[in-house]
Amino acid sequence: MTSYSDQAGLGSPVGGEQRANGHQRIGLPELAAVVDRVRANIESVIEGKPEAVRIALTVLLAEGHLLLEDVPGVGKTMLAKALARSVDCTVRRIQFTPDLLPSDVTGTNIYDQQRHDFEFRPGAIFAQIVVGDEINRASPKTQSALLESMEERQVTIDGTSYELPSPFMVVATQNPVEMEGTYPLPEAQRDRFMARISIGYPSPDAEFAMLDVHGGANPLDDLQPVAHAADILKLVELVRTVHIADPVRRYAVDLVGATRTSPELRLGASPRATLHLVRAARAAAALDGRDYVTPDDIQRLAVPVLAHRLMPTAETQLGRRSAEQIVTDLVARLPLPRPQGGPAVRRG
């Protein structure tokens, strides 16, 4: 079988030659080395979930934010903390509760009686990696405090904007909305997250091994940073240069557009979702050691990037069809990009 990357016009520019100035040939091995260290560090405390770890690293390199949704006790917060501790940067944790105020997140102006002036006190959002635990236990008003910071990487208080540090990533956990004491995330909030994943229950073997790793002490206590924030910034710059051919761009646009016309959905994915899909695909390609995006990258990321933004119709919900199933079906039906000078690629 011929892989998509071998098709003319869908793979590396200039027939697979290294790009101008040789940056990719030099940079990709460095990226792989840093990512392998971070991945091994995280997997030392997260047993049997390599795909969840991979997507977390993909979102980090794509300058996105990650939403971890699952039932309590499966390691959502553990994954978020392990990622944060693996990179030598500023980290803040926010425990979202019903009485949490927006100013607790963003900060507020405090009157200084000695200076007779207001002084800005930064909130917990002012860190390079922010772990938001049980984000949907806070009120929608408090959840909305994250909107500006996640999109524009700044906070505006009383007309003054304060820039957030770089790199900046929010890793939030949430319990399923059916559980007691939760508020559903507003559509605008869900759309800010590049990807949503579920950890899921571990396999019996992984759960058995977990008893040794976690049975005595907390393994997070011994976790040391294996990468610097400056390293991540360099890798982010490298990911931005990963090539994506026009046919693959069109494929991403068509896939997102298909969610807007699906009769099973009353709300499709936004243009922001298209941007997030392409950026995540670039990071995924770099993680695989490629300086170009293939349709496989788009397909592999379609569910985690798109599904949480969609709103199924009432009929679809009654039929117990999930957004994940709808995206999977759209991927299966949508024709693959047409190689230059050839017919459209179809599945066998």
### Query
Given the conditions (1) within 18 Å of the chain's Cα centre (by Cα); (2) part of a loop (DSSP other than H, G, I, E, B), and given that residue 74 satisfies all but one, which numbered condition is not satisfied?
(1)
### Summary
Restricting attention to region 64-73, the residues that are open to solvent by 20 Å² or more (accessible area, probe 1.4 Å) and more than 14 Å from residue 309 (Cα to Cα) number exactly 4
#### Entry: Residue match in region 189-204 (condition: surrounded by fewer than 13 Cβ atoms within 10 Å (Cβ to Cβ) and either acidic (Asp, Glu) or under 30 Å from residue 333 (Cβ atoms) (or both))
no
#### Entry: Residue in region 235-270 that is least open to solvent (accessible area, probe 1.4 Å), counting only those that are free of Cβ contacts under 8 Å to residues at least 12 places away in the same chain and closer than 23 Å to residue 151 by Cα
257
### Task
Tell me, yes or no, whether region 105-128 has at least one residue that is of a type in the set (D, E, K, R), in contact with a Ser or Thr (Cβ under 9 Å, 6 or more places away or on another chain) and under 25 Å from residue 304 (Cβ atoms).
no
### Summary
Filtering region 1-52 down to residues that are at pLDDT 50 or above and hydroxyl-bearing (Ser, Thr, Tyr) yields 12, 44
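Which of the residues that make up region 22-63 are hydroxyl-bearing (Ser, Thr, Tyr) and surrounded by 20 or more Cβ atoms within 10 Å (Cβ to Cβ)? Talk me through it step by step, then tell me what you get.
Initially, region 22-63 is screened for residues hydroxyl-bearing (Ser, Thr, Tyr), giving 44, 58.
Correct list: 58 only.
How about region 81-167: which strands (runs of 3 or more DSSP E) wholly inside it have at least 3 residues that are farther than 29 Å from residue 37 by Cβ and open to solvent by 10 Å² or more (accessible area, probe 1.4 Å)? Explain how you work it out, then say what you get.
Details: elements: 91-95, 107-112, 117-122, 129-133, 154-157, 160-163.
Where strands (runs of 3 or more DSSP E) fall fully within region 81-167 and carry at least 3 residues being farther than 29 Å from residue 37 by Cβ and open to solvent by 10 Å² or more (accessible area, probe 1.4 Å), they are 107-112, 117-122, 154-157, 160-163.
The values are calculated or read from the model by the stated rules, or taken from the named source; none is laboratory data. The structure presented is a predicted model; accordingly, all values stated were derived computationally and were not measured. In this analysis, Cβ positions are derived from the backbone assuming ideal geometry, glycine residues included, and neighbour counts consider all displayed protein chains. Note: accessible area is taken over every heavy atom of the protein model, side chains too, but ligands, DNA and RNA are not part of it. Shrake-Rupley method; radii C 1.70, N 1.55, O 1.52, S 1.80 Å.
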